[in-house]
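Taking it in order: structure first as structure tokens, then the write-up.
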Amino acid sequence: MDGFASPLMLGFLGSLAAGLMTAVGALPVLAGREPGRAFRDMSLGFAAGVMLAASFFSLIIPALDAAGQTYGRGAIPALIACVSILIGMAAVHLMNEALPHEHFRMGREGPDAVALRRVWLFIFAITIHNFPEGLAVGVGFGAHGLEGGLPLAIGIGLQNAPEGLAVAVALLGEGYGRARAWVIAALTGLVEPLGGVLGAGLVSISEPLLPWGLAFAAGAMLYVISHEIIPETHRSGHQNKATLGLAVGLVVMLFLDVWLAG
Ligand SMILES: [Zn+2]
């Protein structure tokens, strides 16, 4: 029983549950109910809003608090947060740049190949940003137990559902079968428990790493919001619905975080 409640186990289970919400969100495509583009853009906007609020309320502010406990007031905590956020953004940028290009250079040319490549870049970005999301959930459980991890696990789980739906719908649009589209969407979420275990493990080993890890995860998420998710929701003329979704996601996560974390 002791092992069940250990930070590592909580981090694993919490991030696994959050990651599985990706598969749950993609379920409508299995049932044959393909949501319209406007609904998809609004729900993906919701995901962006949740991620935006989570970046600040669940990651950057806790990072500043943690650094403040070690270094006191002054410029150092802010400096640590700034540097880690930029490193997190740069890391996702470099991965985004480096990995997919060679893979697609050999593909066929023409508009089909371009559309397929764009879809896979989107899926790739969703997949890699799930790692810091899992990391954040794991760090939350590792550093502050159930109270620290639960709001993050719920918030991250909430925004994974529309992300899973978006991935599956994008694949359907490129001619993938329903089952395959769902499985690929589900797989993108299973990156999350990997980050969860690493986050919970790192924090229980090394307290000084905590502010760096939290702000790094925030930077990685902010990059994906700006570079992939928001542009994706604005490509088909549903900007108003996307922004409405973002507003709702932002306040839902803000409320959850302040309420559940006390
Ligand atoms: Zn996300």
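The values are calculated or read from the model by the stated rules, or taken from the named source; none is laboratory data. As the structure is a prediction and not an experimental result, all values here were calculated from the model. Please note: Cβ atoms are built from the backbone with ideal geometry, for glycine as well, and neighbour counts cover all protein chains shown.
Scanning the stretch 197-212 for residues that are surrounded by 18 or more Cβ atoms within 10 Å (Cβ to Cβ) and small (Gly, Ala, Ser) returns 199, 200.
For the stretch 236-253, the set of residues classified as over 19 Å from residue 122 (Cα atoms), in contact (Cβ under 8 Å) with a residue 60 or more places away in the chain and polar (S, T, N, Q) consists of 243 only. Mind listing whichever residues of the stretch 188-235 are within 16 Å of the ligand (Cβ to nearest atom) and without any contact (Cβ under 8 Å) to a residue 24 or more places away in the chain? 226, 231 - these are the residues of the stretch 188-235 that are within 16 Å of the ligand (Cβ to nearest atom) and without any contact (Cβ under 8 Å) to a residue 24 or more places away in the chain. The criterion of being over 24 Å from residue 251 (Cβ atoms) and crowded, with 17+ Cβ neighbours inside 10 Å holds for residue 121.
Could you list all residues from the stretch 22-38 that are more than 12 Å from the ligand (Cβ to nearest atom) and in contact (Cβ under 8 Å) with a residue 24 or more places away in the chain? Scanning the stretch 22-38 gives 23, 24, 26, 27, 28, 29, 30, 32, 34, 35, 37, 38. Among the candidates 183, 251, 224, the residue that is in contact with a helix residue (DSSP H, G or I) (Cβ under 7 Å, 6 or more places away or on another chain) and not polar (S, T, N, Q) is uniquely 224. Residues that are among the hydrophobic types (A, V, I, L, M, F, W, C) and under 7 Å from residue 49 (Cβ atoms) were ranked within the stretch 239-252; the one that is surrounded by the most Cβ atoms within 10 Å (Cβ to Cβ) is 246.
Please find, within the stretch 128-155, the residue that is farthest from the ligand (Cβ to nearest atom) out of those that are more than 19 Å from residue 210 (Cα to Cα) and modelled with pLDDT of 85 or more. Of everything passing the filter in the stretch 128-155, 154 is farthest from the ligand (Cβ to nearest atom). Here the stretch 172-196 is the region considered, the condition is being touching a Phe, Trp or Tyr at 6+ places or on another chain (Cβ under 9 Å) and hydrophobic (A, V, I, L, M, F, W, C), and the residue that is surrounded by the most Cβ atoms within 10 Å (Cβ to Cβ) is 191.
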